[in-house]
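These notes concern the structure reproduced below.
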Amino acid sequence: MALLDDLVDRAVASELFTAPRIEADLAAFLAQQADAVEALARRAADGEFDRVFFVGGGGSLANMQSGQYLMDRWGGPASTALPSYELTWRDPAALDERSLVFLASYSGATEDTLAALRHANSRGATTVALVRRRPSPMAAESRVVIDYDSTALYDLPLAAVTQFAANVATMTGSARADEARAVLADLDRLPDVVGQVYRDGREPALAQARDLLSATLLYCVAAGPLAGLAYKFALTVFMENIRVHGSFIESAELRHGPIEAFERQRPDMVFLLGTDESRGMTERALELSRAAGARTLVFDAADYPAVHPLLTPFVLIGPLQWFTVYSALLRGITDLDERVFMGRRVLAIGPDATWP
């Protein structure tokens, strides 16, 4: 146990494990970048843009999906979330000089997203790079740069698009402007909340990781505002950091095919329960899965300090990261930042692209 504790202490300092720093980093981001995000929202509210695109790859696609979710809910310019290369391949007719394009990339040099940025620029769009820092290829070529100077590559771009969507709603007098104002108010107190969630998360995580130690495939099931977080963990955390197979299932979609596979194989499943309108369906999916013999782990937003239901991804990422740390260490993965393929110029093409 002493050796494991030493490894966990090392993990706290790793680049992957952002939860130990998110309280301070989120507070700094909200203070330093609020004006820049609000200025973009004002331009959108004043009718400068007909369409907003949210673009990214991997974990940086997950938070961009939430941008579309919030814009769809609150109103404003029509919005679309796309994987980076899909923007170039699809080449939407609506992508033009009246488009605003958010592009998220931790490194600022992701091959896919750099290509999408250049394509959007060629169409005259206003491009916004959400990157860790300057200088980077994307920061150099985008029209607007929001650099967050943190390893929190999911949380801080998510905070940016949440602020943007909420500000557009309040500025345009959306029918749900009151809800958007409530979200903005809760954003201000989020740093304290996520800090407490991090400090409380270590104790249960070891038992959770041991319960699923034999898993070779983990389904992550969620809906509503937590769908993006579930997508991130299924495809870019469980597979990338725990080195097991992973897949995302939207809660209602479990009933449309996946459940039949449980007749032959017992699944291992991680459920993210929100406090929004989708909660009932995720509970139904959980009950169906358990009845079919699934081994389940549940992260329930109702078990943590209360925040607005649309902000629960900020809360649940903390315990999910603790689970990931222990799951990796118990499998003998002691360097959480080491990659076999990613970041080694094996998967990226082009002189400016360094990732994945």
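Tell me which residues, restricted to the range 49-69, are in contact (Cβ under 8 Å) with a residue 60 or more places away in the chain and more than 22 Å from the chain's Cα centre (by Cα).
Listed by number, the list holds a single entry, Phe49.
If you scan the range 163-186, which residues turn out to be in contact (Cβ under 8 Å) with a residue 24 or more places away in the chain and among the acidic types (Asp, Glu)?
Glu179, Asp186
Go through the range 94-139 residue by residue and tally those that are out of contact with any helix residue (DSSP H, G or I) (no Cβ under 8 Å at 6 or more places or on another chain) and farther than 22 Å from Arg43 by Cβ.
So the answer is 5.
Would you call Pro356 modelled with pLDDT under 90, touching a Leu at 6+ places or on another chain (Cβ under 6 Å) and open to solvent by 10 Å² or more (accessible area, probe 1.4 Å)?
Yes: the conditions hold for Pro356.
Would you mind listing the strands (runs of 3 or more DSSP E) fully within the range 230-339 where at least 2 residues are touching a Cys at 6+ places or on another chain (Cβ under 9 Å)? Steps first, please.
On the way: elements: 245-250, 268-273, 295-300.
In the range 230-339, 245-250, 268-273 are the strands (runs of 3 or more DSSP E) which contain 2 or more residues that are touching a Cys at 6+ places or on another chain (Cβ under 9 Å).
Among the residues of the range 214-222, is any over 21 Å from the mean Cα position of the chain (by Cα) and open to solvent by 40 Å² or more (accessible area, probe 1.4 Å)? Break it down stepwise before answering.
Residues of the range 214-222 over 21 Å from the mean Cα position of the chain (by Cα): 214-216.
Next, from what is left, pick out any that are open to solvent by 40 Å² or more (accessible area, probe 1.4 Å): 214, 216.
Within the range 214-222, one or more residues are over 21 Å from the mean Cα position of the chain (by Cα) and open to solvent by 40 Å² or more (accessible area, probe 1.4 Å).
Restricting to the range 4-25, name every residue that is of a type outside the set (D, E, K, R), touching a residue at least 24 places away in the same chain (Cβ under 8 Å) and either more than 23 Å from Gln196 (Cβ to Cβ) or part of a loop (DSSP other than H, G, I, E, B) (or both).
Filtering the range 4-25 for residues of a type outside the set (D, E, K, R) gives 4, 7-8, 11-14, 16-20, 22, 24.
Those left that are additionally touching a residue at least 24 places away in the same chain (Cβ under 8 Å): 4, 7-8, 11, 14, 16-20, 22, 24.
Within the range 4-25, Leu4, Leu7, Ser14, Leu16, Phe17, Thr18 meet the criteria.
Can you tell me which residues in the range 279-296 are open to solvent by 20 Å² or more (accessible area, probe 1.4 Å) and not charged (D, E, K, R)?
Here is the first cut: in the range 279-296, the residues open to solvent by 20 Å² or more (accessible area, probe 1.4 Å) are 279-281, 283-284, 287-288, 290-293, 295-296.
Answer for the range 279-296, where residues must be open to solvent by 20 Å² or more (accessible area, probe 1.4 Å) and not charged (D, E, K, R): Gly280, Met281, Leu288, Ala291, Ala292, Gly293, Thr296.
What tally of residues in the range 131-162 results from selecting those that are without any contact (Cβ under 8 Å) to a residue 60 or more places away in the chain, in contact with a strand residue (DSSP E or B) (Cβ under 7 Å, 6 or more places away or on another chain) and of a type in the set (A, V, I, L, M, F, W, C)?
Summing the residues that are without any contact (Cβ under 8 Å) to a residue 60 or more places away in the chain, in contact with a strand residue (DSSP E or B) (Cβ under 7 Å, 6 or more places away or on another chain) and of a type in the set (A, V, I, L, M, F, W, C) in the range 131-162 gives 4.
Could you check how many residues of the range 253-267 are open to solvent by less than 100 Å² (accessible area, probe 1.4 Å) and out of contact with any Ser or Thr (no Cβ under 8 Å at 6 or more places or on another chain)?
So in the range 253-267, the residues open to solvent by less than 100 Å² (accessible area, probe 1.4 Å) come out as 253-255, 257-259, 261-262, 267.
Subset that is out of contact with any Ser or Thr (no Cβ under 8 Å at 6 or more places or on another chain): 253, 255, 257-258, 261.
Number satisfying all stated conditions: 5.
Please specify each residue of the range 149-171 satisfying the condition of being surrounded by fewer than 24 Cβ atoms within 10 Å (Cβ to Cβ) and among the hydroxyl-bearing types (Ser, Thr, Tyr).
Ser150, Thr151, Thr170, listed by residue number.
Of all residues being surrounded by fewer than 20 Cβ atoms within 10 Å (Cβ to Cβ) and of a type in the set (A, V, I, L, M) in the range 234-249, which is nearest to Ala215 (Cα to Cα)? Just the residue, please.
Step by step, filter the range 234-249, then rank; the result is Val244.
Restricting attention to the range 279-301, and to residues there that are closer than 25 Å to Phe314 by Cα and among the hydroxyl-bearing types (Ser, Thr, Tyr), which single residue is farthest from the chain's Cα centre (by Cα)? First the steps, then the outcome.
Here is the first cut: in the range 279-301, the ones closer than 25 Å to Phe314 by Cα are 279-286, 296-301.
Then drop every residue that is not among the hydroxyl-bearing types (Ser, Thr, Tyr), which leaves 282, 296.
On the way: Thr282: 19, Thr296: 22 Å.
Ranking the candidates gives Thr296 first.
Out of everything in the range 202-213 that is open to solvent by 10 Å² or more (accessible area, probe 1.4 Å) and touching a residue at least 24 places away in the same chain (Cβ under 8 Å), what residue ends up being farthest from Pro258 (Cα to Cα)? Write out each step before concluding.
As a first pass, look at the range 202-213 and keep what is open to solvent by 10 Å² or more (accessible area, probe 1.4 Å): 202-204, 206-208, 210-211, 213.
Subsequent filtering for residues that are touching a residue at least 24 places away in the same chain (Cβ under 8 Å) retains 202, 204, 206, 208, 210-211, 213.
Values: Arg202: 32, Pro204: 29, Leu206: 29, Gln208: 24, Arg210: 25, Asp211: 23, Leu213: 23 Å.
Across the range 202-213, the extreme among qualifying residues is Arg202.
Ala139 - would you say it is within 23 Å of the chain's Cα centre (by Cα) and either of a type in the set (D, E, K, R) or modelled with pLDDT of 95 or more (or both)?
Working: within 23 Å of the chain's Cα centre (by Cα): yes; either of a type in the set (D, E, K, R) or modelled with pLDDT of 95 or more (or both): yes.
So Ala139 fits the description; yes.
Restricted to the range 297-342, and to residues that are closer than 19 Å to Gly228 by Cα and free of Cβ contacts under 8 Å to residues at least 40 places away in the same chain, which residue is least open to solvent (accessible area, probe 1.4 Å)?
Phe299
The values are calculated or read from the model by the stated rules, or taken from the named source; none is laboratory data. Quantities reported herein were computed from a predicted structural model and do not represent experimental measurements. A quick note on method: Cβ atoms are made from the backbone with ideal geometry, for glycine too, and the neighbour counts reach across all protein chains shown. SASA here: full protein model, heavy atoms, side chains in, ligands and nucleic acids out. Shrake-Rupley method; radii C 1.70, N 1.55, O 1.52, S 1.80 Å.
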